[in-house]
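J.: One structure is given below, represented as structure tokens, and several questions about it will come after.
None of the figures in this text is laboratory data; all of them are computed from the coordinates on show. Because the structure is a prediction, the values reported are computed rather than measured. For neighbour counting, all protein chains shown are included, and Cβ atoms are generated from backbone atoms with ideal geometry for every residue, glycine included.
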Amino acid sequence: MIIYLDTSSLVKLYVEEVHSDAVRRWMEEAEILTTCRIAYPEMVSALNRRLRQGDISKKEYNLLTAKFFKEWIDFAVIDFSEIEAGDLIDKYGLRGFDAVHLSAAKLLKDKQTDIALSFSSFDEKLNKAASSEGFTILSP
């Protein structure tokens with residue numbers, strides 16, 4: 001099984017949140033974990049926001065960002081189509097980076113028609129759009 005993780009799912013691999021256990025379990029079951037290249041700055045931003053809010057210490061932030069940097073090479077990183085992302089915004093009313101994630105997953109699915117690709121996000125609107133596009137949605 002190949003799993004596409006948007007940033008809301010990716011964060012749960014590094015920061016203990018509701019449903020972190022489910023995402024970690026999916027990760028262990030997956031043959032390949034994929035995400036879009038924009039997930040890297042989004043992830044660093046999410047961790048930095050937690051630091052600024054006082055949810056994690058500077059030491060935890062440094063450890064988490066170092067761990068993420070080291071493990072980034074383990075993800076199959078996908079590009080996206082900006083035209084497709086724009087069309088997905090019009091079609092589903094998605095936020096910009098949510099449309100980018102869905103565009104990336106669609107590119108992978110379109111190029112590899114013989115793969116089992118599941119989609120993981122904790123954004124309801126994005127999941128609904130991904131489901132409409134034919135993806136199996138992972139849900140805890």
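J.: Test Glu60 against the criterion of being out of contact with any Pro (no Cβ under 7 Å at 6 or more places or on another chain) and within 23 Å of Lys12 (Cα to Cα), and give yes or no.
T.: Spelling it out, Glu60 is indeed out of contact with any Pro (no Cβ under 7 Å at 6 or more places or on another chain) and within 23 Å of Lys12 (Cα to Cα).
J.: Let me ask something else about it. Checking Gly86 against (1) surrounded by 13 or more Cβ atoms within 10 Å (Cβ to Cβ); (2) touching a residue at least 60 places away in the same chain (Cβ under 8 Å), only one condition comes out false. Which one?
T.: So the condition that Gly86 fails would be (2).
J.: Tell me which of these Tyr14 doesn't satisfy, since it passes every other one: (1) over 13 Å from the mean Cα position of the chain (by Cα); (2) of a type outside the set (A, V, I, L, M); (3) more than 16 Å from Asp98 (Cα to Cα).
T.: Here Tyr14 meets the rest and fails (1).
J.: Starting from residues that are charged (D, E, K, R) and closer than 17 Å to Arg37 by Cα, keep the ones in region 96-110 and report whichever is surrounded by the fewest Cβ atoms within 10 Å (Cβ to Cβ).
T.: Lys109
J.: Let me ask you something else. Quick one: would you say Lys125 is touching a Gly at 6+ places or on another chain (Cβ under 8 Å), surrounded by fewer than 23 Cβ atoms within 10 Å (Cβ to Cβ) and without any contact (Cβ under 8 Å) to a residue 60 or more places away in the chain? Working first, answer last.
T.: On the way: touching a Gly at 6+ places or on another chain (Cβ under 8 Å): yes; surrounded by fewer than 23 Cβ atoms within 10 Å (Cβ to Cβ): yes; without any contact (Cβ under 8 Å) to a residue 60 or more places away in the chain: yes.
So Lys125 fits the description; yes.
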